[in-house]
Amino acid sequence: MLLLLVGSEVLLVHWLLLASRGSGLGLSSAASTVVALITLNVGSMFVLMRLARRTNSFFVLSRVWLLASLAAVFSGPPLLASFAFVGSLAWLTQSLGEGATGQAALVGSGGAAIAIGFGSILWGYFVGQRRVEVERVELPMLDLPAALSGVRVAHITDLHIGPQLRAPQLAGFVAQVNELEAEIIVITGDLFDFDPAFIEEGCRELAHLRATFGVFAVLGNHDAYTGAEAVAEGIARYTNIQLLRDGWERIEIDDAELVIAGIEDSGEGWTEREFEAPEMERLADEIPSEIPRLLLIHRPSLFGQASRLGFPVSLAGHTHGGQISFPPPAHHHNISRLISYWTRGLFEDETGDCLLYVNRGLGVSGPPVRLNCAREIALHRLVSRRR
């Protein structure tokens, strides 16, 4: 990633010099620029990561640096393509690359490429990350009792409560969830983002979540980084949320029963595409097989194990849908493919009997940018499916 960033920044410097003085970087100056940019980026990253959580000023500065770096990365490939296209055209015509006409073409096409890169990131910051979409999803479950058919489950995840999600914005999200009047609300991890100082503030807002049969949650890897015990203590003290720490709860709805089970994330191996939790084996043995089950997991990589153990529906988060992705139908092609086969939306196993839903999340991690990947509240509806 550092090489991609530095390569993009070198192209930007080359374009700036071309636009301002009519000549870009030579070979030796390009090499020295690479060394200088690597030093600057590594140094900035080290300093800002250490200071960002100490004062608000350094936090804001770190976000600006992230946004600028991301914009540079987005500008690099189209800038390279524009230079290659205009350069090739100049070579073919033997005239376009000579004099002011060739320079104007290089500067103009490069400027358009930079506008696309920086414009995309600015849109993702000012517009994209402020959009919240309610996804309504039917979850067919084999032999679901009639009393459970139509039960609505509001699913939120990856809030990352902290400097990038404070109480006023969180209160708005909570109100949106409550407006759906779901019978059950579930949260699939990453409630908090590193800093335990925000636990009380966040929990006091989460305490306003309302559902007929309760609110259930599991912890994610960022909750582990924040301090799993501190988060659990805050949830117990300030909310009525039932935190499932490798456990399960039985809900009675009319004359039927539904189990909500949850696996807590340890915070280790969060990039693994295939992962198994020993605790899930125990849950599968403990829960009566005749009772319908919803499994709350943070990382989608547990779906293979959940499917093998016969959990009919797994709800997950972790990926944020990549935060930045191509438009549909190519939206599954995003950076979260590096850590998960299942990045966003509804999936089924090879048999078709077990489902996984991956929620894009309500928060952001890293740069506060979302492209083709709005924040999400999922409203699931349980429906019966016969063999």
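So here's what we get for this one:
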item	result
Elements of type strands (runs of 3 or more DSSP E) contained in the range 132-210, each with 1 or more residues being open to solvent by 50 Å² or more (accessible area, probe 1.4 Å)	132-142, 152-156
Which listed residue, of 263, 251, is at pLDDT 95 or above, in contact with a helix residue (DSSP H, G or I) (Cβ under 9 Å, 6 or more places away or on another chain) and closer than 27 Å to residue 143 by Cα	263
Hits in the range 346-378 - residues which are in contact (Cβ under 8 Å) with a residue 60 or more places away in the chain, surrounded by fewer than 18 Cβ atoms within 10 Å (Cβ to Cβ) and within 30 Å of residue 291 (Cβ to Cβ)	346, 353
Strands (runs of 3 or more DSSP E) (entirely within the range 306-387) containing at least 1 residues that are over 30 Å from residue 143 (Cβ atoms)	375-385
Spans of strands (runs of 3 or more DSSP E) in the range 211-277 with at least 3 residues touching a residue at least 24 places away in the same chain (Cβ under 8 Å) and open to solvent by 20 Å² or more (accessible area, probe 1.4 Å)	247-253
The lone exception for residue 274 - which of (1) at pLDDT 95 or above; (2) over 30 Å from residue 59 (Cα atoms); (3) among the acidic types (Asp, Glu) it fails	(1)
Selection count where residues are open to solvent by 30 Å² or more (accessible area, probe 1.4 Å) and either in contact with a strand residue (DSSP E or B) (Cβ under 7 Å, 6 or more places away or on another chain) or closer than 30 Å to residue 375 by Cβ (or both), scope the range 287-311	1
Test: residue in the range 270-280 that is among the aromatic types (Phe, Trp, Tyr) and within 21 Å of residue 141 (Cα to Cα)	no
Residue in the range 168-179 that is touching a Pro at 6+ places or on another chain (Cβ under 9 Å) and touching a residue at least 60 places away in the same chain (Cβ under 8 Å) present	no
Residue pairs meeting the criteria (Cβ under 6 Å; at least 6 apart or on separate chains; first more than 17 Å from residue 246 (Cβ to Cβ), in the range 182-196; second of a type in the set (Phe, Trp, Tyr))	183/213; 184/213; 194/225
Every pair of residues 6+ apart whose Cβ atoms lie under 7 Å, when the first sits in the range 36-49 and is over 22 Å from residue 25 (Cβ atoms) while the second is surrounded by 14 or more Cβ atoms within 10 Å (Cβ to Cβ)	48/58; 48/61; 48/62; 48/65
Members of the range 13-53 found to be open to solvent by 50 Å² or more (accessible area, probe 1.4 Å), part of a loop (DSSP other than H, G, I, E, B) and more than 15 Å from residue 83 (Cβ to Cβ), listed by number	53
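The values are calculated or read from the model by the stated rules, or taken from the named source; none is laboratory data. Every value quoted in this text rests on a predicted model; they were computed, and no experiment measured them. Glycine also receives a Cβ, built like all others from the backbone with ideal geometry; neighbour counts cover every protein chain displayed. Keep in mind that these areas ignore ligands, DNA and RNA; they rest on the heavy atoms of the full protein, side chains included. Shrake-Rupley method; radii C 1.70, N 1.55, O 1.52, S 1.80 Å.
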